[in-house]
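The structure appears right after this line, and notes come after that.
The values are calculated or read from the model by the stated rules, or taken from the named source; none is laboratory data. All of these numbers come straight from a predicted model, not from anything done at the bench. Positions of Cβ are generated from backbone atoms using ideal geometry, with glycine treated the same way; all protein chains shown enter the neighbour counts. SASA here: full protein model, heavy atoms, side chains in, ligands and nucleic acids out. Shrake-Rupley method; radii C 1.70, N 1.55, O 1.52, S 1.80 Å.
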Amino acid sequence: MTTPPGSGFWRCGRCGTPNPAANYVRNCVACGADRGLVAQRVVEDPPQEARSRSDSSRSPREPRRRSAQRGRLGFGLAAAVAWLLAVLVVLVATRGLASVPWPTGLLLLMPRAIWLLPALPIGVAAIARRSRLTASVTVLGSLIVLGPLMGFNIPWGGLLPAGEGGPSVVRVLSLNRGGVAIDAARLIKYIERYRIDVLCFQEFGDDPLLDEYLSKGWNREKDGYIATRHEIVSEIPPPPEQNADQERYTMSLRRLELKRADGLRFQVASVHMPTLSRGLSGGLGVGFRPSRFQAHLDWWSKEFGRLVESLSEHQDHPLIVAGDLNMPADHPLLRELRSTEVFRFAFEERAWGYGYTKPPDFGWARIDHVLSSREWEVRRCWIGPSFGSDHRSIVAEFELPPVNP
């Protein structure tokens with residue numbers, strides 16, 4: 001039958017469900033039957049029993065659908081919160097006490113970016129389900145990973161760029177050459193382009209081209225670890241070697257006293273701390289022993305203490321320290337050294353970003369550092385190329401006012 005426009009209902013002849021009489025309702029809302037075939041009559045209000053029958057026909061599915069939706073939202077939020085808590089635990093663990101247990105040592109050395117992986121599926125699910133709370137938790141966790149956990153540096157004390165430097169500026173480049181021949185021609189061009197005054201090397205091999213370049217206009221430490229354009233006043237004897245075994249070897253410290261053209265004397269040290277990679281043999285699979293890795297962590301801490309003690313000796317002049325410390329900047333002992341305000345950390349004071357130096361491509365750790373005593377002003381610091389090494393170089397620019405005549 002034809003139903004006039006207006007208020008009222010038409011009853012479905014198939015299931016008896018009352019439907020609104022509006023012309024746009026062309027099918028029964030309960031069973032989907034065509035209105036033109038099954039409509040029986042128009043009624044002003046649906047009978048109570050029909051409403052009850054319609055509600056009862058939909059109730060088994062609708063509550064289950066809503067319950068399932070709430071369950072999915074709850075699971076997504078729970079996953080986001082669990083991931084956020086895990087990120088916070090890792091952040092706290094890497095900023096623990098000076099005595100580093102082996103699980104914390106693994107967290108310090110592993111790529112921190114892997115903690116971002118759970119954010120992708122959780123974030124996509126949050127957007128698909130329009131869950132603002134889950135999305136907010138995911139964004140918060142991602143910012144913590146990208147920021148403090150991965151070591152993103154903001155030089156709060158040096159946000160303004162340094163002005164033009166004068167003759168009192170000293171530029172230092174540190175590079176672990178990896179014991180292999182590097183791209184010496186490229187390194188020489190880089191040295192000339194940025195007017196590097198001091199070179200600090202660790203683990204170097206034979207490079208005839210570089211040796212020839214450094215033989216003209218440069219002064220070198222007797223073993224070749226330091227090269228400088230300044231006059232060498234004296235070589236400070238290195239500390240005695242201490243080797244526990246073939247894997248836990250001694251730290252290396254070479255130090256020179258230099259004199260600038262204006263007469264100012266200062267010291268430069270090239271340092272190399274023992275690597276922890278040998279304690280990780282086998283990764284977390286066959287061959288990895290927590291006790292062995294813990295022994296390497298303890299040995300590194302012991303040698304680091306010996307390094308700091310050695311640097312405090314014979315320090316009669318302003319000091320610059322550069323080299324491979326084989327540990328990221330958030331290691332508890334490095335943070336403790338920064339808190340003493342004995343040294344300035346060049347990258348932390350003047351550089352933006354992560355500054356990863358190892359591996360050279362797609363790096364995840366900044367284990368090469370440049371430090372100075374408090375007399376120096378850190379003007380600039382940046383991460384340079386690797387020149388074929390398995391480390392990237394680090395460059396820092398310092399300034400100290402000239403000596404009064």
Check your understanding: Residue check, Arg260 against (1) within 22 Å of Phe398 (Cβ to Cβ); (2) open to solvent by 60 Å² or more (accessible area, probe 1.4 Å); (3) in contact (Cβ under 8 Å) with a residue 60 or more places away in the chain, all met but one. Which one?
Key -> (2)
Review point. So which helices (runs of 4 or more DSSP H) are wholly in the stretch 17-108 and hold at least 3 residues that are open to solvent by 60 Å² or more (accessible area, probe 1.4 Å) and modelled with pLDDT under 85?
Key: 48-58, 62-93
Check your understanding: Considering only residues of the stretch 347-380 that are under 17 Å from Gly147 (Cα atoms) and small (Gly, Ala, Ser), which is farthest from the chain's Cα centre (by Cα)?
Key -> Ala351
Practice item. Starting from residues that are assigned to a strand (DSSP E or B) and touching a helix residue (DSSP H, G or I) at 6+ places or on another chain (Cβ under 7 Å), keep the ones in the stretch 262-283 and report whichever is farthest from Ser168 (Cα to Cα). Key: Val271
Point to revise | All strands (runs of 3 or more DSSP E) inside the stretch 167-261 with 3 or more residues being under 29 Å from Leu297 (Cα atoms), at pLDDT below 95 and more than 30 Å from the chain's Cα centre (by Cα) | key: none
Check your understanding: Could you say which residue among Val233, Val268 is crowded, with 17+ Cβ neighbours inside 10 Å and under 20 Å from Ser310 (Cα atoms)?
Key -> Val268
**Study point:** Subset of the stretch 381-398 that is assigned to a strand (DSSP E or B) and over 21 Å from the mean Cα position of the chain (by Cα) - its residue that is nearest to Arg366 (Cα to Cα)
**Key:** Glu397
Check your understanding: Looking only at residues in the stretch 317-359 that are in a loop (DSSP other than H, G, I, E, B) and under 20 Å from Val169 (Cα atoms), which one is most open to solvent (accessible area, probe 1.4 Å)?
Key -> His317
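Would you check if Gln294 is under 30 Å from Gly105 (Cα atoms) and either in a loop (DSSP other than H, G, I, E, B) or among the hydrophobic types (A, V, I, L, M, F, W, C) (or both)?
Taking the combined requirement at face value, the residue does not satisfy it.
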Review point. Does Ser215 count as open to solvent by 20 Å² or more (accessible area, probe 1.4 Å), closer than 25 Å to Pro111 by Cα and free of Cβ contacts under 8 Å to residues at least 60 places away in the same chain?
Key: no
Practice item. Evaluate the following for Arg248: is it touching a helix residue (DSSP H, G or I) at 6+ places or on another chain (Cβ under 9 Å), open to solvent by 60 Å² or more (accessible area, probe 1.4 Å) and closer than 21 Å to Lys358 by Cβ? Key: yes
Review point. Which pairs have Cβ atoms under 9 Å, sit 6 or more apart or on different chains, and link a residue in the stretch 370-384 that is open to solvent by 10 Å² or more (accessible area, probe 1.4 Å) to one that is assigned to a loop (DSSP other than H, G, I, E, B) and charged (D, E, K, R)?
Key: Arg374/Glu341; Ile383/Arg366; Ile383/Arg392
Practice item. Please specify each residue of the stretch 297-331 satisfying the condition of being at negative phi and under 20 Å from the mean Cα position of the chain (by Cα). Key: Asp324, Leu325, Met327, Pro328, Ala329, Asp330, His331
